[in-house]
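To keep things clear, I will list the structure first and then write my remarks on it.
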Amino acid sequence: MTTAAPTVEDFIALSCINVGVGPGGTTNMVARVALVDYQGHIVFERFVEPTMAVTDYRTSTTGIAESDLASNEVLPFAVVQQYVANLIKGKVLVGHSLWNDLSVLGIPHSAAATRDVALYQPFRNALKMPQQVIGLQTLAWQLMCRRCQEEQLHPVENARAALDLYRSQAEEWEDAITKGNWPCALPPSTFSRCYL
């Protein structure tokens, strides 16, 4: 029995921007989340209220300042977590290094229902880096001549770039899956809890 190929309504792309907590700010904590549909339209985008003291806003790369996480527009983490979990349930999740996003959100997702452009082997092979996780900026520029992440990170831009990369190979990607040839490398084993 074969399953039907997913339709455009089945896809949603996710990206999170993290700040640092703990000593030296080396531990990631989600500060901003975005989800876009297959056409790149924003489904959800919000700042997330910190659950711990932020020790490094990483402002030069994240663009996030203390005031962003203290405004009236910020949602509590538990609200964002539940809302995102509901939005992605039953969807094919597209993104770059999705294990990082799922980890900071504390949401597991079906591995078979992910399309992670960081793990897609044909992209890695095309850039002659078959064993490496290649940054989204590099993938977008080298494979599509598309600029992204030139100044500060933006979750909507990241989600759209990952989605564009997926769409550039969607037919081949889905064909490989239909034939039982999973075309992606495995995510880091330390993040196996992020997948069902």
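With springs only between Cα atoms under 10 Å, which of THR51, THR114, THR62 fluctuates most in a Gaussian network model of the chain?
It is THR51.
Could you give me D for region 10-187, from Stokes-Einstein at 4 °C and 1.567 mPa s, where the hydrodynamic radius is the Kirkwood radius over C-alpha pairs? Units µm² s⁻¹, please. Before the final figure, lay out the partial values.
Working: Rh = 16.7 Å.
So the translational diffusion coefficient is about 78 µm²/s.
Express the accessible area of region 10-187 per residue in Å², computed with a 1.4 Å probe while the remaining protein chains stay in the model. Numbers along the way, then the final one.
Values: 8410 Å² over 178 residues.
Value returned for region 10-187: 47 Å² of accessible area per residue.
Could you give each residue of region 191-196 its phi-based ³J(HN,Hα) in whole Hz, using Karplus coefficients 6.51, -1.76, 1.60 with θ = phi - 60°, and x for Gly or Pro?
Those phi angles translate into 10, 4, 5, 7, 10, 8 Hz.
Rounded to whole Hz and in sequence order, give me ³J(HN,Hα) for region 130-144 from the Karplus expression 6.51 cos²θ - 1.76 cosθ + 1.60, θ = phi - 60°, writing x for Gly and Pro.
Working through the residues one at a time gives x, 9, 10, 7, 9, x, 4, 4, 5, 4, 4, 6, 5, 9, 9 Hz.
Out of PRO155, PRO76, PRO23, any idea which swings most in a Gaussian network model of the chain, alpha carbons joined below 10 Å?
Top of the fluctuation ranking is PRO23.
Which aspartates and glutamates have a Cα lying under 19 Å from the Cα of LYS179, excluding residues fewer than 8 positions away in the same chain?
ASP116, GLU171
Report, by chain and number, residues whose modeled amide H sits under 5 Å from the one on TYR195, excluding near sequence neighbours (fewer than 5 apart, same chain).
HIS109
List, in order, the whole-Hz ³J(HN,Hα) value for each residue of region 120-125 obtained from phi through the Karplus relation with A = 6.51, B = -1.76, C = 1.60 and θ = phi - 60°; use x for Gly and Pro.
Values per residue, Gly and Pro as x: 5, 4, x, 5, 4, 5 Hz.
Collect residues whose amide H, placed 1.01 Å from N in the peptide plane, falls under 5 Å from the amide H of THR114; neighbours closer than 5 in sequence don't count.
Placed amide hydrogens put LEU93 under 5 Å from THR114.
Using alpha carbons only, how many degrees (0 to 90, rounded to 10) separate the axis of helix 77-88 from the longest principal axis of the chain?
Once rounded, the angle reads 20 degrees.
For the chain, what is the percent of antiparallel DSSP beta bridges, rounded to the nearest 5?
70
Which cross-chain or sequence-distant (5 or more) residues have an amide H under 5 Å from the amide H of ASN18, H modelled 1.01 Å from N in plane?
For ASN18, the qualifying residues are ALA31.
Report the far tail of the P(r) of region 58-160, meaning the percent of Cα-Cα pairs longer than 20 Å.
Numbers: 2623 of 5253 pairs.
Considering region 58-160, 50 percent of its Cα-Cα pairs are separated by more than 20 Å.
Note down the magnitude of the dipole of the chain about its Cα centre, charges +1 on Lys and Arg C-beta and -1 on Asp and Glu C-beta and zero elsewhere, to the nearest 20 debye. Don't skip to the end; give the middle numbers.
Values: 14 positive and 19 negative charges, 94 e Å.
Approximately 460 debye in magnitude.
Where Rh is the Kirkwood radius over the Cα pairs of region 95-144, the temperature 25 °C and the viscosity 0.890 mPa s, what D in µm²/s does Stokes-Einstein return?
In µm²/s, the coefficient is 212.
Per DSSP H run of n ≥ 4, the term is -39500 (n - 2.57); total these for the chain, divide by its residue number, and report the mean residue ellipticity at 222 nm rounded to 500 deg cm²/dmol.
Only helices count here, giving -9000 deg cm²/dmol.
At 1.4 Å probe size, with the rest of the protein present, what percent of the exposed accessible area of the chain is carbon and sulfur atoms? Walk me through the intermediate numbers first.
On the way: 5210 of 10020 Å².
So the carbon and sulfur contribution to the accessible surface is 52 percent.
Among ASN158, ILE107, ILE42, which residue has its Cα furthest toward the positive end of the charge dipole of the chain, with +1 on Lys/Arg Cβ and -1 on Asp/Glu Cβ?
So the residue we want is ILE107.
Which of LEU105, LEU143, LEU119 moves the most in a Gaussian network model of the chain with Cα springs under 10 Å?
Maximum among the listed residues: LEU143.
The values are calculated or read from the model by the stated rules, or taken from the named source; none is laboratory data. Please read all numbers here as calculations on a predicted model, not as lab measurements. Note: ideal-geometry Cβ built from the backbone for every residue, glycine included; neighbour counts use all protein chains shown. Only protein heavy atoms, including side chains, enter the accessible area calculation; ligands, DNA and RNA are left aside. Shrake-Rupley method; radii C 1.70, N 1.55, O 1.52, S 1.80 Å.
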